[in-house]
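Quick notes on the structure that follows.
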Amino acid sequence: MAGCSHRNTAMTQGEGMQSAGVWALRPVADMSQADFHDWQTLLEARTGVVISEQRRAFLQTNLSARMRELGVTDYASYYRQVTDGPRGAVEWSTLLDRLTVQETRFFRHPPSFEVLTQYLQERLAAGLGKPWELWSVGCSSGEEPYSLAILAAEALQGSELPEHFAVTGTDISQGALSKAREACYSQRRLEQVSDDLRERYFLAQADGRFKVVSSLAARVCCARLNVLELAKAPMSGMDVIFCQNLLIYFRRWRRRDILNRLAESLAPGGLLVVGVGEVAGWQHPELVPVADERVLAFTRKG
């Protein structure tokens, strides 16, 4: 990714935090239908994510928890705070971390990674050209991009160019990206990592976690990107794009728009892997479906 940088957002508490110790004991009122609609609209406009009525409790729980920390007792006041220009942007970033960080793990959908392994082996057999470029869209806390990096390193092991690849992970959440850059994970996140891969690519830590070895971490760059702004992203000529467990949060028309953008970012012969069941009936004139019913994947013509 051109110009990939590790950008961090500094969190400032602001004046509202001064009385948090008192206000934290006071209950936050139930969310009215009007409040719910305002927050629904804001989240979809800024992130594309749709909060359905079924997820109303999830939204209310996360909003009210943050409001108690700030000493804010009604949703309308917090809404005004979040949308208040530059000051609101800092609080918005903090709130977004609460709403978007999801539980994930290495090699979450094994069949997809099996398809990737076969694809990389075929690419290697055809001869190395430019370095492989792999992209994890909606990378969360980093398990997916490091999974991609492990398989790329495995494919190139023993070749004349063992580090002939780079992985980019993008996500909208600064908190998730911070965890991805730390690259340190609990045993549970590595449940599907074989013993030999764990030995080669992770270092056991005193606290029981496992840290990605520096040589592999150096091949991975994590950066903030809102998928609604893919047209502005400096991502093109990608050999592999993974976009899994992300599209389910968007409206159908937006899912197709995102996939069309990703298809345009693929290099000729590149591989696009999407979450099974996340989109139905989508086609692209430049893409050919991968003949494996266990996965939803496409290769670009050329």
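The values are calculated or read from the model by the stated rules, or taken from the named source; none is laboratory data. Quick caveat: nothing in here was measured; it's all calculated off a predicted structure. Quick reminder, even Gly has a Cβ in these numbers, built from the backbone with ideal geometry, and neighbours come from all protein chains shown.
May I ask you to say which residue of ALA267, ALA280, ALA231 is at pLDDT 95 or above, in the same structural domain as THR168 (by TED's automatic domain parsing) and either more than 22 Å from GLY142 (Cα to Cα) or in a loop (DSSP other than H, G, I, E, B) (or both)? Give the derivation first.
Details: ALA280 fails: at pLDDT 95 or above; ALA231 fails: at pLDDT 95 or above.
After ruling out the rest, the residue left standing is ALA267.
Would you call PHE202 farther than 26 Å from ASP97 by Cβ, at pLDDT 95 or above, buried (at least 21 other Cβ atoms within 10 Å of the Cβ) and in contact with a Phe, Trp or Tyr (Cβ under 7 Å, 6 or more places away or on another chain)? Please lay out each step first, then the result.
Values: farther than 26 Å from ASP97 by Cβ: no; at pLDDT 95 or above: yes; buried (at least 21 other Cβ atoms within 10 Å of the Cβ): yes; in contact with a Phe, Trp or Tyr (Cβ under 7 Å, 6 or more places away or on another chain): yes.
The answer is no for PHE202.
Sort through ARG252, ARG209 and tell me the only one that's at pLDDT below 95 and of a type in the set (Lys, Arg).
Of ARG252, ARG209, the one residue that is at pLDDT below 95 and of a type in the set (Lys, Arg) is ARG252.
What number of residues in segment 47-62 are within 15 Å of ARG98 (Cα to Cα) and among the charged types (D, E, K, R)?
The total comes to 2.
Spot the failing condition for ALA89; the list is (1) in a helix (DSSP H, G or I); (2) touching a residue at least 12 places away in the same chain (Cβ under 8 Å); (3) not assigned by TED's automatic domain parsing to the domain that holds GLY175, and only one is missed.
Going through (1) in a helix (DSSP H, G or I); (2) touching a residue at least 12 places away in the same chain (Cβ under 8 Å); (3) not assigned by TED's automatic domain parsing to the domain that holds GLY175 one by one, ALA89 breaks only (2).
If I go through segment 73-94 residue by residue, how many of them are hydrophobic (A, V, I, L, M, F, W, C) and crowded, with 19+ Cβ neighbours inside 10 Å?
Going through segment 73-94 one residue at a time, the tally reaches 1.
Looking at (1) within 22 Å of the chain's Cα centre (by Cα); (2) farther than 20 Å from LYS232 by Cβ; (3) of a type in the set (Asp, Glu), which is the one condition that is false for GLU264?
All conditions are met except number (2).
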